[in-house]
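Since the structure comes first, as structure tokens, the remarks are kept for the end.
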Amino acid sequence: MRSVTGVLTLSITLLAWAMFAPAPASAVTCANLTNLSLLNTTITLAQSYTAGQTVSGTTKAPVGLCRVAGTVKPGSESNIHFEVWIPTDGSWNGKYQQIGNGGFAGSISLANIANAVSRGYAAAATDDGTSGPPSGAPSFIGNPDVLLDYGYRAIKATTDDSKAVIEALTGQAPRYSYFVGCSDGGREALKEAQRFPDDFDGIIVGSPVNDQVGEFGSSYLYDMQATLNGPQTGGIPDAYIPSSKLALLSTPALAKCVGKDGGVATDAFLSDPRQCFFDPAVAECKSGQDPSTCLTHAQVEAARKIYFGPHNHRGELLFPGYEPGGESATGDWTNWITGSSPTSPGSQYTLGFGFGCDLMLGVTSCNYLSIDVDQQDALARKTLQPILSSVDPDLRPFKRHGGKMIQYAGWADTAIAPENGLNYYRKVERTIGDPHDFYRVFMVPGMAHCSGGAGPNAFGNGTSNGPVIDAEHDILKALERWVEQGVAPQKIIATHYVNNSAAQGVQFQRPLCPYPKRGEYVGSGDPNDASNFKCVNHHDDFDPRNIGEQVAYSGHDDDDHDHNHDH
């Protein structure tokens, strides 16, 4: 007969084993997730991969994982595709990350999913239902379902389905959920916070297209008309500014303003261009001057218009103008405005054409440059803004959920005028009071659209990682610490690599500071070292590229607000 002590010891041993033994594996295997029943959804692929195995093209599985793909049809003409990858090798951190899109979407970024999975997340993304055929903007023609899917249904279906797939495979729901997006992904990120405030604990809003009517619609059309319309000489519009002349704008802008905005005099970018009062007339040709070394009067006027931004017939700002100083930097005006020639202009033309012809007129081809900016804007505010834009400033439901949000944009962004995101933040502030305890904005000196440019531009934005991935150098880690430990980010150290190549090493680092603070050089010490900068309050918001209240945030159009709280 066993002693009482022996029985007690055995019982304690068995209890300890039960507490600490690995949980039994889920009864669901990756392969049989194809049988999972989800609303309006067909699982089309459920496949296991080993670390290093090629998934598609150049994208390899960073860890052992289960890859699940599905098609969702919330409407009869919908065709939403999504993918969710779940680490199966023990590296899963118990969290979910959803990744946003760019432009008119139409594809799934496997590289961004792989990057998130390499950090331990179960990660998902969608094509927003616009992969067609035809893909992108033409997929909207005659198809209101695709418009609703791109507007908000695709991201919501992806969230719900992906979380259900994760729970089915692992036996547990994600502990925390994060949404990370830039550009159109920034629009989606704000749409999540506004329309589905309980879905995510943390949201990163990169350079958002949240006022898509003002940007894709008005700003892009206005810029293209400024540079491509009007008199021509030898078949070339007189107002067109070729890439070879962009330094004629950036060089004098930097000479006038660099080092006076918190940065240092040797910078190749402006740290905060708001108070740079730059007139491109300084580059205008003088009598007898070599025309390759100066701008014509028509080119000067075009540049002035681009800095000023589009206004309606009442003089109200439809979208802010672009900031000076980054015109010639890689990824800026050449990519977005000038392109390689007047017949092959930048991406603003392509996206603006898609908005004006495909979305507004419902045709694949139109005389895009003849569209009236003011008339298109007024109509689009009524018809498209409630679906596409995410300009509702009432973030109180997201705050009540306990959500935290970090927004960022580059001051040299030529895709989305950087003041747009700040204008939204200010509208939130006017509507619900200081949102600093759950929503902060970090403006990035000299950075182009989402990444790149001459400034410090690598801080965990997309796949642009800093040399250290921690809460001091990485925006997502900073957000995680805020959500999970309650420690709000006071600054984030951003890195500029030599030739924008991580392989070539760190060139310099700077702190990104929460608005209204900005990083300012302390006046001594190595300017390449972020420790020689401090975050200083800068309350002067005046900016000649941002005159008047942006229409999307003026309160004249409350359609988006009316539609956004039907969750």
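The values are calculated or read from the model by the stated rules, or taken from the named source; none is laboratory data. Quick caveat, the model's predicted, so the values are computed rather than measured. All Cβ positions, even for glycine, are placed from backbone atoms using ideal geometry, and neighbour counts span all protein chains on display. All accessible areas refer to the heavy atoms of the entire protein, side chains included, with ligands and DNA or RNA removed. Shrake-Rupley method; radii C 1.70, N 1.55, O 1.52, S 1.80 Å.
Some notes on this structure:
- Residue among Gly315, Gly262 that alone is surrounded by fewer than 18 Cβ atoms within 10 Å (Cβ to Cβ) and either modelled with pLDDT under 95 or not basic (Lys, Arg) (or both): Gly315
- Check on Pro489, in contact (Cβ under 8 Å) with a residue 24 or more places away in the chain and open to solvent by 20 Å² or more (accessible area, probe 1.4 Å): no
- Breaking point among (1) within 25 Å of Val551 (Cβ to Cβ); (2) in a helix (DSSP H, G or I); (3) open to solvent by 10 Å² or more (accessible area, probe 1.4 Å); (4) of a type outside the set (Val, Ile, Thr), for Asp394: (2)
- When region 494-509 is filtered for residues that are free of Cβ contacts under 8 Å to residues at least 12 places away in the same chain, under 16 Å from Thr330 (Cβ atoms) and open to solvent by 70 Å² or more (accessible area, probe 1.4 Å), the ones remaining, listed by number, are Asn499, Gln504.
- Within region 510-550, restricting attention to residues that are in contact (Cβ under 8 Å) with a residue 60 or more places away in the chain and among the β-branched types (Val, Ile, Thr), the residue that is most open to solvent (accessible area, probe 1.4 Å) is Ile547.
- Of the residues examined, Gln375 is not one that is buried (at least 23 other Cβ atoms within 10 Å of the Cβ) and assigned to a helix (DSSP H, G or I).
- Residues of region 349-383 classified as within 21 Å of His311 (Cβ to Cβ), touching a residue at least 60 places away in the same chain (Cβ under 8 Å) and more than 20 Å from the chain's Cα centre (by Cα), total: 13
- Within region 428-520, strands (runs of 3 or more DSSP E) holding 1 or more residues that are more than 17 Å from the chain's Cα centre (by Cα): 492-497, 506-512
- Residue check, Ala189 part of a helix (DSSP H, G or I), open to solvent by 20 Å² or more (accessible area, probe 1.4 Å) and within 30 Å of His81 (Cα to Cα): no
- Qualifying residue in region 202-224 (condition: over 16 Å from Ala417 (Cβ atoms), open to solvent by 10 Å² or more (accessible area, probe 1.4 Å) and within 27 Å of the chain's Cα centre (by Cα)): no
- Among residues of region 476-530, those that are more than 25 Å from Arg426 (Cα to Cα) and β-branched (Val, Ile, Thr), counted: 4
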